[in-house]
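J.: Sending over a structure as structure tokens; questions will come in a sec.
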Amino acid sequence: MKENKLFKTLFSVLFYLFWSVFLQLPLNLFNIRLSSNMMALYEFVFTFLLLILIFMMYKQELIKEFKFNKKIKYIFINTVAIFMIMGISNMISYSILGDNVVSKVNNSGLSIIDTKNLLMIIRLLVLTPIIEELVFRKSVRTVVNNDIFFVIFSGLFLGSLYVIAQTLSFVGLISSISYILVGIYLSISYVKTNNIYINIFSRILYNLLMLVIILWSGYH
């Protein structure tokens, strides 16, 4: 039983860390070139299938965890906490890198909205947070019972590993420190609530609020 849980965790983590490689593999093997819209559809379908796969791997545990009761308040607490962590992290990044550099990095991450591709927006703002919480928190928690080690491994180590996998530049690492800090906080939150849906809905709510803020600021 323990070996099976460990295998599922390793599979989930490694598959997600090398997600971009697996995503491009069929296209490279068959030398397929897709338009931007078709690529967005391809990535959406691929991500959705990955979500279904991970969900089925932890189906029984996820069904049992779908209980909110009084813990629903943590969704709003976490959302506020994420706003604060992101804000403070950006201030630190500004002080180290300068306004122009950090603004350029942040704007590149938000450029997805300018594409006006609904599938791409849903994938990044909704599907991706769900998968990340299932992979970095849920799957790891099934094999790591110690709270402190879980927070260090799930929040700090995997968060750092994910950031390094996305960017190898100094600017990218500094500007992405907020991801690691949020990951640590969400790992602590999962230990406290023992409900992965709290983390999932917190991240989705934060993303949607940020989307509203960005769109609203664009019209003013």
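The values are calculated or read from the model by the stated rules, or taken from the named source; none is laboratory data. Computed from a predicted model, the values in this text were never measured in an experiment. With ideal geometry, Cβ positions are generated from the backbone for all residues, glycine too; neighbour counts draw on all protein chains shown. In case anyone asks, the SASA skips ligands and DNA or RNA and just uses the protein heavy atoms, side chains included. Shrake-Rupley method; radii C 1.70, N 1.55, O 1.52, S 1.80 Å.
J.: Tell me, what is the 1.4 Å probe accessible area of Phe68, in Å² to the nearest 10?
T.: Accessible area, nearest 10 Å²: 40 Å².
J.: Simple spin-label model, 7 Å along Cα-to-Cβ: Trp216 to Leu34 in nm?
T.: 3.4 nm
J.: Using the Cα gyration tensor of region 1-76, with a ≥ b ≥ c the square roots of its eigenvalues, what is the shape: rounded (a/c below 1.5), prolate (a/b larger than b/c) or oblate (neither)?
T.: Verdict is oblate for region 1-76.
J.: Does a label point 7 Å from the Cα of Lys64, set along Cα-to-beta-carbon, have any residues of region 129-152 with amide nitrogen under 12 Å, and which are they?
T.: 142
J.: Okay, moving on. Which order do Lys70, Lys8, Lys138 take when ranked by solvent-accessible area (1.4 Å probe, heavy atoms of all protein chains), largest first?
T.: Descending order: Lys70, Lys8, Lys138.
J.: Where does each of Glu3, Glu132, Glu43 land when they are ordered by accessible area, with a 1.4 Å probe and the largest first?
T.: Correct descending sequence by accessible area is Glu3, Glu43, Glu132.
J.: What is the packing order of peptides 27-36, 74-83, taking the mean over residues of other C-beta atoms within 10 Å and listing the highest first?
T.: For the peptides 27-36, 74-83, the packing ranking is 74-83, 27-36.
J.: Moving to a separate point now. Please compare each pair in Lys71/Lys138; Lys8/Lys70; Lys5/Lys71; Lys5/Lys59; Lys5/Lys73; Lys5/Lys70 to a cut-off of 24 Å on the Cα-Cα distance and tell me which ones are over it.
T.: Lys8/Lys70; Lys5/Lys71; Lys5/Lys73; Lys5/Lys70
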